[in-house]
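Peer 1: Provided herewith is a single structure, encoded as structure tokens, for subsequent inquiry.
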């Protein structure tokens, strides 16, 4: 049991952060992480713990695709409440929330493999661990990450320009 404690204490926080970024919901991330650790307890041997945990967590998220629609509706309601609350806060908080939402949309617009590789790298996984978790060759990870970063920057900048153009139009023509 001491090994299970070590595994949990070593990998719980980074796995939950990864899953929270992936799913956009901390509670859901905790649920998936819990199931991942339960599966690890049933596993006799795990060669690369971190890569195995991230791969299992990623697969669990994919397996829950049918329930995502219900959860997304719930998240949309929460997001609407947050937007309503943000409208009452000072401009700086609103701007930060808009930038965060824009960044989240830019990340979500990436191809799944690129998005997952970026999120795993952000959590500190090295190239071999990312390759194992995503079923890619180690040599392709650098290219995958470079492409993902470039596309993320391009998408974010395009979204920012579009948002700025909408604001400029509203400032010129007013809201009707």
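Peer 1: Kindly check whether there is at least one residue in segment 58-67 that is over 30 Å from residue 9 (Cα atoms), exposed (fewer than 11 other Cβ atoms within 10 Å of the Cβ) and modelled with pLDDT under 75.
Peer 2: Checked segment 58-67: at least one residue is over 30 Å from residue 9 (Cα atoms), exposed (fewer than 11 other Cβ atoms within 10 Å of the Cβ) and modelled with pLDDT under 75.
Peer 1: Considering segment 106-127 alone, what residues qualify as being touching a residue at least 12 places away in the same chain (Cβ under 8 Å), under 17 Å from residue 48 (Cβ atoms) and surrounded by 13 or more Cβ atoms within 10 Å (Cβ to Cβ)?
Peer 2: 116, 117, 120, 121, 123, 125, 127
Results for (1) more than 28 Å from residue 96 (Cβ to Cβ); (2) over 15 Å from the mean Cα position of the chain (by Cα), shown as yes or no for each residue.
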position: 109; (1), (2): no, no
position: 113; (1), (2): yes, no
position: 119; (1), (2): no, no
position: 126; (1), (2): yes, yes
position: 144; (1), (2): yes, yes
position: 152; (1), (2): no, no
position: 156; (1), (2): no, yes
position: 164; (1), (2): no, yes
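Peer 1: Moving on. May I ask you to say which residue of 145, 125 is outside any helix (DSSP H, G or I), under 30 Å from residue 46 (Cβ atoms) and either touching a strand residue (DSSP E or B) at 6+ places or on another chain (Cβ under 9 Å) or not assigned by TED's automatic domain parsing to the domain that holds residue 53 (or both)? Walk me through it before giving the result.
Peer 2: Working: 145 fails: outside any helix (DSSP H, G or I).
Checking each option against the conditions leaves just 125.
Peer 1: Also, quick follow-up: Out of segment 1-29, which residues are free of Cβ contacts under 8 Å to residues at least 24 places away in the same chain and surrounded by 15 or more Cβ atoms within 10 Å (Cβ to Cβ)?
Peer 2: Within segment 1-29, 16, 20, 29 meet the criteria.
Peer 1: Looking only at segment 87-112, how many residues end up being modelled with pLDDT under 75 and under 18 Å from residue 22 (Cα atoms)?
Peer 2: Counting residues in segment 87-112 that are modelled with pLDDT under 75 and under 18 Å from residue 22 (Cα atoms) gives 0.
Peer 1: Oh, and also: Assess whether residue 150 counts as being assigned to a helix (DSSP H, G or I) and modelled with pLDDT of 90 or more.
Peer 2: Answer is yes for this residue.
Peer 1: While we're on this one: Residue pairs, Cβ under 6 Å, 6 or more apart or interchain, first in segment 75-102 and farther than 19 Å from residue 27 by Cα and outside the structural domain of residue 152 (by TED's automatic domain parsing), second assigned to a helix (DSSP H, G or I) and modelled with pLDDT of 75 or more. List them.
Peer 2: Filtered contacts from segment 75-102: 86/97.
The values are calculated or read from the model by the stated rules, or taken from the named source; none is laboratory data. This one's a predicted model, so the numbers in the text were calculated from it and none came from an experiment. So basically every Cβ, Gly included, is an ideal-geometry build from the backbone, and we count neighbours across all protein chains shown.
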